[in-house]
1. How much area per residue is accessible in the chain when the probe is 1.4 Å and only protein heavy atoms are counted (Å²)?
2. Mind giving me the nanometre distance, one decimal, between the label points for L24 and K46, set 7 Å out from Cα along Cα→Cβ?
3. Just grab the label-to-label distance for K14 and Q71, each label 7 Å out from Cα along the Cβ direction, in nm (one decimal).
4. How far apart, in nm, are two points set 7 Å out from the Cα along the Cα-to-Cβ line at Q35 and at R5?
5. In region 1-67, what GluC sites (Glu not before Pro) fall in a loop by DSSP, with at most 15 other Cβ atoms inside 10 Å?
6. Restricting to Cα pairs below 8 Å that are 6+ residues apart, what does the relative contact order work out to for the chain? Please round to a whole percent.
7. Do any trypsin sites (Lys or Arg not before Pro) in region 1-73 lie in a loop, going by DSSP, with at most 13 other beta-carbon atoms within 10 Å of their beta carbon, and if so which?
8. What pairs from K14/K81; K46/K81; K46/K77 go past 21 Å between their alpha carbons?
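The values are calculated or read from the model by the stated rules, or taken from the named source; none is laboratory data. Model, not experiment: these values are computed from the prediction. Cβ sites come from the backbone with ideal geometry, for glycine too, and all protein chains shown count toward neighbours. Ligands, DNA and RNA are excluded from the accessible area calculation, which covers all protein heavy atoms including side chains. Shrake-Rupley method; radii C 1.70, N 1.55, O 1.52, S 1.80 Å.
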Amino acid sequence: MAAYRLPPATLTLKQFVRRQQVLLLYRRILQAIRQVPNDSDRKYLKHWAREEFKRNKSATEEDTIRMMITQGNMQLKELEKTLALARS
């Protein structure tokens, strides 16, 4: 009987968890950007976010990905603070 093998493109559990973190960060950034009142600023930020994620799509080193997630979360918090200040 042949041993069960996963296809070579299958993600490890750690890779799967990191991927989910990246996707969640991307969705949260886009949700925050939707709250930007100025249309041109909103378009600029949306384009910036897409390009940043596309540019780093091929990153494979675990430490690099973790660092980028941390930086992305910090940038998201800054955006949310700015939006909260703009509303008040």
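1. Ligands and nucleic acids excluded, the result is 84 Å² per residue.
2. 2.5
3. In this crude label model, K14 to Q71 measures out at 2.1 nm.
4. 4.9
5. For GluC sites (Glu not before Pro) across region 1-67 that sit outside H, G, I, E and B with at most 15 neighbouring Cβ atoms in 10 Å, the list reads E61.
6. 37
7. Counting only loop positions with at most 13 other Cβ atoms within 10 Å, the trypsin sites (Lys or Arg not before Pro) in region 1-73 are R5, R34, K57.
8. K14/K81
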